Amino acid sequence: MKNIYTDLNEAQKEAMEQLDGPILILAGAGSGKTKTITSRIAYMINNGIPPSSILTLTFTNKAASEMRSRAATLINGDVPYQPLLCTFHKFGLLFLKFHMQSIGRPNSFVIIDMDDKKRIIKSFDTDLAIPLISSEISRFKNNLLTPQEALNSAQLPNYKQIANIYQKYESYLEQNNLVDFDDLLALPYKILEKDKELCKETSQRYQYIMVDEYQDTNDLQFKLLQKLSSEHNNLCVVGDDDQSIYGWRGANIKNILEFPDKFPDTKVIKLTKNYRSTDTILKAANDLIEHNRNRLGKQLQGTKDKGKEINVIHHDDEIMEARSIARKISTLIDEGVDPRDIAVLYRINALSRSIEEGLNRCGVPYKMVGGLKFYERAEIKDLISYLRIIANPNDDFSLRRIINRPKRGLGKATVDKILKASYDKKCSVFSYLTIQKDELETLVTKKAFKTLGEFCQDIEDIKHSCDASTYEFIDNLEKTFGIRKYYEGLPDSLDRVTNIDEFYGLFRDFVIQNPESSLDDFLNDIALQSDQDQIDDRSISIMSIHASKGLEFEYLFVIGLEEGFFPLIGDGTDIEEERRLGYVAITRAKKELTLSSSASRYYKGKRAGLGKSRFLSECGVSKGSLKIEKSTSYKKGALVKHKIFGIGRVTEVSKVKREFKLKINFAGKTRDILASFVEKI
């Protein structure tokens, strides 16, 4: 067993040897989390615990595969079978294969993917956006709502319609013995909730349960874990509350913050030694995250030297920013730095456009990680197709893309008829729609005929009545076709609308810089920008901060550090999650870190002056006025709830360092409580 202890620090050893009862391992960024988990698996097996009683749950197949491989190298002797180490969804699949019959369905079910799900929903003939319906059905399932419960809780007509489609969708799945990804978690929970004996048997089978990235679990995953550990409470969860950045897709940070409350006698072990970054980088990360109030609290401790100071740069606009960073990266590569050790991060995908163009101009090869390049995104392709049609109505390729986007009620059969008819007439689709009107009227329904006529007339009107070299052209395009408005109604609207605004701003800027140019000139210009040379294996990486989670780079550039972009400001913004994103970004850097801001960018489609991000001053790398959120909106007279003292009314609010202290009247007894320990009612 000596090799298991090799290179483990004291906290990691403690985490490895602690087996019984609930355990919360707070694993800071770069603190050897995977090593600790795999060592713990090997430690249990080497001490005689049967592998069949060990269950380790992860979020990705890649993580599961890596842990499985690393654990195998630490196990003494041959093990006849491996412990179950898989994703939540893979566990759900295996469970359903054994127990699907308990809810009256055969275990020969087939799993459908997201495209299959959307095709099924589309078959129900609805005018609502398919991605919106798909997202809402997922939300219903993860909240364990039946179609009838969803219908009963619906307040708006659209949501009543979605609930009805949910009913049809569920019936379709059952009739065809299909399950979607949400079912892989929801159905096992329902089965365990219904069958108490099976729940007891399953919990007794898996005597030791571990969960990786616990801060990313949602409410349903938490409830499932409660069932699985109900007979023994030997539940070890590993995660970092300071890296909880997926609230927007259902992750509940309260799962990790309140773990000791939900599982009494929890042993909390903190892994704080960081083996990745220099002390200077760690200090900035620690200083930034300390401004969050809803956290369990820990300080990363360095194991390397101080390293270089963080480079803070500021430019007039995103074009100068991109050129500056591209030149710095080019110099690093010329000096012998492996491009794979360099990355550029941004908070929102729209910011990739300028950095992509800057890298292209400098001839720096790059790869987009976890996302599409700016000009390859669906909403940008839609806009370019509209512009191409206005420039050349006979562009059939572009017309086919946007003839029913935004949706105009034109079904696939109708579009196919039009395409075939234009082909038979040996003319373009647009020519057929505008010249062969008599034939078209007999080919499609009255409603479709009217819709197509209006569509063609809109294109003609914009083409002839509006000069494409004017600043207002793009406003008329949006007013006529409502592309931005269409994407506002989709679940991932924030990113898409921001990308559209970036494109509209790009067009306006082109008009200002090139007043004599035509629409063709603009289209040719962006075609050249988007046509990057072939990428080789020696490319730098550019990606969103979300996509960077779990990665690390020797040289890191973070762009867009302005108020409104990072942190993102708007309705529903969680400033603490934004700050956790900043923490994740900083801790991706190993050796050198550059933080960049610009005085102006396209903001909501127009160039706007921007202030530097509060995060620059909060992490101690830039002077600036400290922005503190106002007492998480607690005011005198507000009703609040405390987990021990119950419901009370705030009588006074005061400031204590970075925290807010509330004086609260609980049924006649006044107590002083920190704001982060109560909830608003």
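The values are calculated or read from the model by the stated rules, or taken from the named source; none is laboratory data. Bear in mind the structure is a predicted one, so any value in this text is a computation, not a measurement. Glycine also receives a Cβ, built like all others from the backbone with ideal geometry; neighbour counts cover every protein chain displayed. The accessibility values were calculated without ligands, DNA or RNA, using every heavy atom of the protein model including side chains. Shrake-Rupley method; radii C 1.70, N 1.55, O 1.52, S 1.80 Å.
Some notes on this structure:
- Inter-centroid distance (Cα atoms) of the range 434-512 relative to the range 28-59, Å: 56
- Potential lengthening of the chain between Asp116 and Thr303 amounts to 62.4 nm, from the contour at 0.36 nm per residue minus the alpha-carbon distance.
- Among the listed pairs Lys381/Lys412; Lys62/Lys141; Lys62/Lys196; Lys591/Lys612; Lys549/Lys590, those with a Cα-Cα distance over 22 Å are Lys62/Lys141; Lys62/Lys196; Lys591/Lys612.
- Kirkwood radius for the range 134-291, taken over all pairs of different Cα atoms as the inverse mean of 1/r, rounds to 18.4 Å.
- Nearest-0.05 FRET efficiency for Ile319 and Ile575, computed from C-beta distance (R0 35 Å): 0.75
- Separation between Cα centres of the range 199-247 and the range 554-619, rounded to whole Å: 33
- Computed FRET value (nearest 0.05) for Phe397 with Val312, which takes r as the C-beta separation and R₀ as 51 Å: 0.65
- Calculated on the Cα set of the chain, radius of gyration then Dmax: 28.3, 86 Å.
- Volume per residue that the Cα convex hull of the range 230-348 spans, once the total is divided by residue count, Å³: 177
- Of all accessible heavy-atom area on the chain, the percent that carbon and sulfur account for (1.4 Å): 48
- For the chain: accessible area per residue (Å², 1.4 Å): 47
- For the range 481-523, size of Cβ-based charge dipole, Lys and Arg +1, Asp and Glu -1, in debye: 200
- Using just its DSSP H runs of length 4 or more, each adding -39500 (n - 2.57), the chain gives a mean residue ellipticity at 222 nm of -13500 deg cm²/dmol after division by all residues.
- Taking every alpha-carbon pair under 8 Å whose residues sit at least 6 apart, the range 418-495 reaches a relative contact order of 16 percent.
- On Cα atoms only, tilt of 575-586 relative to the major axis of the chain in degrees: 80
- R0 of 41 Å, Cβ-Cβ distance Lys437-Tyr172: FRET efficiency to nearest 0.05: 0.55
- For the chain, relative contact order (Cα pairs under 8 Å, six or more residues apart, normalised by length) works out to 15 percent.
- Helix 196-205 vs. the chain, principal-axis angle (Cα, 0 to 90°, nearest 10): 70
- If the segment from Asp261 to Tyr275 were pulled out straight at 0.36 nm per residue, it would be longer than the present Cα-Cα gap by 2.0 nm.
- Solvent-free Debye scattering, log10 I(q)/I(0), computed from the Cα coordinates of the range 56-128 at q = 0.19, 0.27 Å⁻¹: -0.93, -1.14
- Spin-label model, Gln155 to Leu674: label points 7 Å out along the Cα-to-beta-carbon direction sit 3.4 nm apart.
- Whole-percent P(r), the range 332-415, all Cα pairs, 10 Å bins from 0: 14, 34, 25, 17, 9, 2.
- 0 to 90° range, to nearest 10: angle between helix 61-72 axis and the chain longest Cα axis: 30
- The range 297-412, relative contact order in percent, only Cα pairs under 8 angstrom and at least six apart counted: 19
- Residues of the range 207-239 falling in the label zone of Glu193, defined by backbone nitrogen less than 11 Å from a point 7 Å along Cα to beta-carbon, are 220, 223-224.
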